[in-house]
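Please treat every number below as a calculation from the coordinates, not as lab data. All of these numbers come straight from a predicted model, not from anything done at the bench. In this analysis, Cβ positions are derived from the backbone assuming ideal geometry, glycine residues included, and neighbour counts consider all displayed protein chains.
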Amino acid sequence: ATSKKVITREEWEKKLSDVKIRKEDMNKLVMNFLVTEGYVDAAEKFRMESGTEHIDLATITDRMAVKKAVQSGNVEDAIEKVNDLNPEILDTNPQLFFHLQQQRLIELIRNGKVEEALEFAQEELAPRGEENQSFLEELERTVALLAFEDVTNCPVGELLDISQRLKTASEVNAAILTSQSHEKDPKLPSLLKMLIWAQNQLDEKAAFPRISNLSTAALEDPPV
Amino acid sequence: MPASSASSAPPHRPEDLILRLSSAADGRDGDAKLRLLRELKNQIIGNRTKKLSYIGLGAVPSVVSILSSASSAAADSDEVESLLVQSAAAIGSFSCGVDAGVKAVLDAGAFPYLLNLVVDAAARSLRMIYQSKLALKYEFLQKKNMEFLLALLNKENENVTGLGASIITHSCETSIEQKALSDAGVLKKLSSLLGGSLSQRDASLESIATIINSNPEVISKFVGPESGRALSIVTELTKDRYPRTRLLACMCLIAIRNTSPSYLEGVGIKTKLILILLELLDDSGQVGDEAAFALCSLIAEKEDLQKLAFEANAVDKLCNHLANGSLHAKRLEGIFLALSSLCSKLECCRSRFLSLKALNLVTDALTHVCIEVRGAACICLKSVSRSVKNLSAGTFMNEIILVPLVQLLCDSPTSLQVAALGAISNIVVDFTVHKSNFIQCGGAKQLVQLSKSMDSTVRLNAVWALRNLMFHVNNRCKEEILSELTASVLASLISDPKPSVQEQALALVRNLVDGPEDFADYVFAEDCLLLHAVGNQLQNTSKADVLLQGMYTLCNVASGNESSKEAVMSQLFCQTSNTQCILVNFLQNSDSRLRTAAVWTVVNLTFPSSPGAFDRAGKLRNAGIATQLKNMVNDSCVDVKLRVKTALGQMMSFGDGST
């Protein structure tokens, strides 16, 4: 066994308590999370309680309306809202536009509107494939849904999952954030990743109290 | 079917929508106009196919008409504002990435309304228009226009500043305009926008690159102290997290480096630029495409940078991208051009390229459906075929390469023909016996065809290729080429209007007569047609390169038999007795190459073992050649000195003719 340095719980806790973190920084992280993820009410409440400033909530509200529309399957509505917010987004993001049209088709199939779906696929999706060859593969997968009686159990059935809606919603959200020159990822997850990475690095050289459960942040005693 | 909002009503069919829109445009129902505009807008955004179809149905004039009536509305109500925003947005979408849309928008007269309305939505639309080549040129040199531009750049709104930047990127062309923009403080303003939002940074970088392009004076101002830390900010941006920003920053630096290299001289920055561009190639979109072109621009003609790129494994990286396949045309073109710059001077690059079996990929691209790719593949092949080692090994002289290359000579646009000729010119220098392969593929026939082209560049390159083909080739091939070319065509090429063509034609004849005697006779055919042509050209031209090839031709003929030597003498001495023998002109010339050629000719003419040497030596002496040679025993050029020694030795062996 290699000789790893052992750091006891006592020593570790003492070191931790020596580290100073400002409350404002923590508040900003929380606000950044709420705003990026789109929790408008929570952000407003948090602002009132902590005094932390945030960006104009109206833009968050608009963005959330779009995200919500996609998550509920109202893709057409979502598209209109995005275009009202910023007409350039869909004009300059062919992949996003394709995914939204794809989602529309999926919703039509989900609701059993086969004829409308066929017409839609022909009118709206086929041209996307012509405009951009890289969409053809996904297009084929989506149209394949029309070929099966039992759509939920076919090879491409996962397209009907709610997770597909969430994926599309996330894509739209990121595009809007980018167009508003905001970061599209909140900072909190990155910090947590860095924590885990740092622990793993230290683990190679020392035995120390780790945090394994991120939600409780409880320190686990080092193995002796 | 319950509708959750008004917009869920079933959409109109396109023709219907246009009809309603057009009648609404003529009316006063603001509500209807808004509804229809929104419907149209939502149908076309993101949808290129729909845009084109609506343009065809005549949607644009109706939209512009709504914009114009809203612009001249008396009151400034919410409804008017909405109409302005929605019509501007629709116009913007029509113009986005669709040239036909831009044209329709401009033809319908939207431009002045949009320009006057520089609010957010209009600015966006105008920006779209200015990204197309079809937009009208903006006249920077007019005072009012410059003021307007500065006003745009000074606004807070990033769409408005973006518009200012787009206008510059689109319309700034001449160095006078560049200077005017720099003097008016635009460059400084753009530099400050580098600290703005993402879109402001990107737009500024593009405009800055346009203003500084090829303009040393403006560049020195840009990097000077009054500009703040502009150069270091741009350098920092090459490490930005967004790929497009990195690319645009690199392109700025490349623009500076290509014009005023002293500002970016360190090995560090050179290597960094190369590495960043190579990494950007991994981007699968437009950024990756442009990175390849930027790399080409950075290293073109610069051996030191090519060396650095080689050490950074550029050849491997570029070839890997090629090998991964299914690249679209623009990307292929960029990569081939980058490879061609990389391999243009360094053998190590060419070797590496060939060892990676990349030649197959280039050859495949010779038949690509897109013209630009075919052209770029030819240019790449031209660079790679500069490898003497591989020319000696006959690497390129096989049907797989030759057939498509020859094919490109027929029926292609001129630029493509010239590119193919460039590659062919190198390949036919082949030192093996495989030149007949080329002739069998119909190559010689095509070259001869193109040597008669009206376009002088094509003619020049075709004759050049023929010259190289003729180099050290066997007799049978010589015959085949000549029967295609014919002496009369060759004679007219020797007296072509362009000196560069004359030079290559003479070099062709030189190669023709180089070797066994039978071919020297060819110049005597048809009443010495070719010999006279050569002789005439020597008398009539003053261009050193042409003179050189002419003299060496005569020199080669003079290495033949007695009648050949006599024929050369008659060419050299056929002018009136007043003027100096042309040989003396050559011997007195400051260009050592011409002196060398002349002395060799004298050596051949006075070669002791031929019967008529004595008489020829006498004639030459009478023309003052011996005296001239005596003055040259200590010539500064070693080659000349040695040959003079031989020539004098030979002439003296016939006695010095003095009494």
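Computed over neighbours whose Cβ is under 15 Å from that of B:Gly101, the net charge equals +3, Lys and Arg +1, Asp and Glu -1.
Rg over Rh for the protein assembly as shown works out to 1.11, using Cα positions for both radii and the Kirkwood form for Rh.
Classify region B:523-659 as rounded, prolate or oblate from the Cα gyration tensor: take a ≥ b ≥ c as the square roots of its eigenvalues, call it rounded if a/c is under 1.5, otherwise prolate when a/b beats b/c and oblate if not. Oblate, since a/c reaches 1.5 and b/c is not below a/b. Each Lys or Arg adds one and each Asp or Glu takes one away; over the other residues whose Cβ falls under 15 Å from the Cβ of B:Glu399, this sums to -1.
Anyone know which of A:Ala169, A:Ala207, A:Ala58 comes out most mobile in the 10 Å Cα GNM of chain A? Comparing A:Ala169, A:Ala207, A:Ala58 in a Gaussian network model of chain A, the most mobile one is A:Ala207. With bins 10 Å wide beginning at 0, the percent of Cα pairs of region B:246-313 falling in each bin runs 22, 60, 18, 1. Distance from the alpha carbon centroid of region A:82-102 to that of region B:192-242 works out to 31 angstrom.
Summing Lys and Arg as +1 and Asp and Glu as -1 over all other residues whose Cβ lies under 15 Å from the Cβ of B:Ala377 gives a net charge of +1. Region B:387-430 and region B:551-618 have Cα centres separated by 37 Å. Round to a whole angstrom and tell me the spacing of the C-alpha centers of region A:130-183 and region B:251-276. With region A:130-183 and region B:251-276 each reduced to a Cα centre, they are spaced 43 Å.
Computed on region B:89-230, with alpha-carbon pairs under 8 angstrom and 6+ residues apart, the relative contact order is 19 percent. Hydropathy first: keep DSSP H helices in chain B averaging at least 0.0 on Kyte-Doolittle, then drop any whose Cα extent along the axis falls short of 27 Å, and list what survives. TM-like helix candidates: nothing returned.
Across peptide B:87-96, the mean count of Cβ atoms from other chains lying within 10 Å of each residue's own Cβ comes to 2.
Summary value for region B:335-404: 40 percent relative contact order, contacts being C-alpha pairs under 8 angstrom separated by 6+ residues. Take the Kirkwood radius over Cα pairs of chain A, plug it into Stokes-Einstein at 20 °C and 1.002 mPa s, and you get 101 µm²/s for translational diffusion.
Count, for each residue of A:89-102, the Cβ atoms from other chains sitting within 10 Å of its Cβ, then give me the mean as a whole number. Write down the numbers at each step before the final one.
On the way: counts 2, 7, 16, 5, 1, 4, 1, 1, 4, 1, 0, 1, 2, 0.
Taking all residues of A:89-102 together, the mean is 3.
For A:Ala207, list long-range residues whose amide hydrogen, built 1.01 Å from N in the peptide plane, is under 5 Å from its own amide hydrogen. For A:Ala207, the qualifying residues are A:Lys5, A:Val6, A:Ile7. Give me log10 I(q)/I(0) at q = 0.07 Å⁻¹ for chain B, Debye formula, one equal scatterer per alpha-carbon, no solvent. At q = 0.07 Å⁻¹ the computed log10 ratios are -0.67. The ellipsoid equivalent to the alpha-carbon distribution of region A:1-56 has semi-axes of 38, 14, 8 angstrom, derived from the gyration tensor eigenvalues as √(5λ) and listed largest first. Peptide packing: for A:191-198, B:39-46, the average count of neighbouring Cβ atoms within 10 Å per residue gives the ranking B:39-46, A:191-198, highest mean first.
Shielding value for B:300-308 is 0, the average number of Cβ atoms from other chains within 10 Å of each residue's Cβ. In percent, what relative contact order does chain B have, based on Cα pairs under 8 Å that are 6 or more apart in sequence? Taking the mean separation of contacting Cα pairs over the length of chain B, I get 5 percent.
Distance cut-off 30 Å, Cα to Cα: go down the list B:Lys221/B:Lys270; A:Lys113/A:Lys167; B:Lys452/B:Lys565; B:Lys307/B:Lys641; B:Lys144/B:Lys270 and report the pairs above it.
Values: B:Lys221/B:Lys270 22 Å; A:Lys113/A:Lys167 23 Å; B:Lys452/B:Lys565 32 Å; B:Lys307/B:Lys641 38 Å; B:Lys144/B:Lys270 41 Å.
Cα-Cα > 30 Å for B:Lys452/B:Lys565; B:Lys307/B:Lys641; B:Lys144/B:Lys270; rest within.
What number results when the radius of gyration of region B:459-565, computed over Cα atoms, is divided by 2.2 N^0.38 Å?
Numbers: Rg = 12.3 Å, N = 107, 2.2 N^0.38 = 13.0 Å.
Normalised Rg, Cα atoms only: 0.95.
Considering helices alone, the calculated mean residue ellipticity of chain B at 222 nm is -21500 deg cm²/dmol, with DSSP H runs of length four and up weighted by -39500 (n - 2.57) and normalised per residue.
Taking loop as defined by DSSP and a crowding limit of 15 other beta carbons within 10 Å, which GluC sites (Glu not before Pro) in region B:238-335 fit?
Values: sites: B:Glu265, B:Glu279, B:Glu290, B:Glu301, B:Glu303, B:Glu311, B:Glu333; in loops: B:Glu265, B:Glu301.
Answer in residue order: B:Glu265, B:Glu301.
Among the GluC sites (Glu not before Pro) found in region B:142-174, those both in a DSSP coil and sparsely packed, with 12 or fewer other Cβ atoms within 10 Å of their Cβ, are B:Glu156, B:Glu173. Shape class of region A:66-132 from the Cα gyration tensor (axes a ≥ b ≥ c, square roots of the eigenvalues): oblate, since a/c reaches 1.5 or more and a/b does not exceed b/c. The Kirkwood hydrodynamic radius of region A:66-197, based on inverse pair distances between different Cα atoms, is 15.9 Å.
When the helices in chain A are scored as -39500 (n - 2.57) per DSSP H run of 4 or longer and the sum is shared across all residues, what 222 nm value do you end up with, to the nearest 500 deg cm²/dmol? Can you show the working numbers first?
Details: 12 runs with 140 residues, N = 224.
My calculation for chain A gives -19000 deg cm²/dmol from helical runs alone.
Cα-Cα over 30 Å: which of A:Lys81/B:Lys137; A:Lys28/A:Lys67; A:Lys45/A:Lys67? Too far apart for the 30 Å limit: A:Lys81/B:Lys137.
Among the trypsin sites (Lys or Arg not before Pro) found in region B:493-576, not one is both in a DSSP coil and sparsely packed, with 11 or fewer other Cβ atoms within 10 Å of its Cβ.
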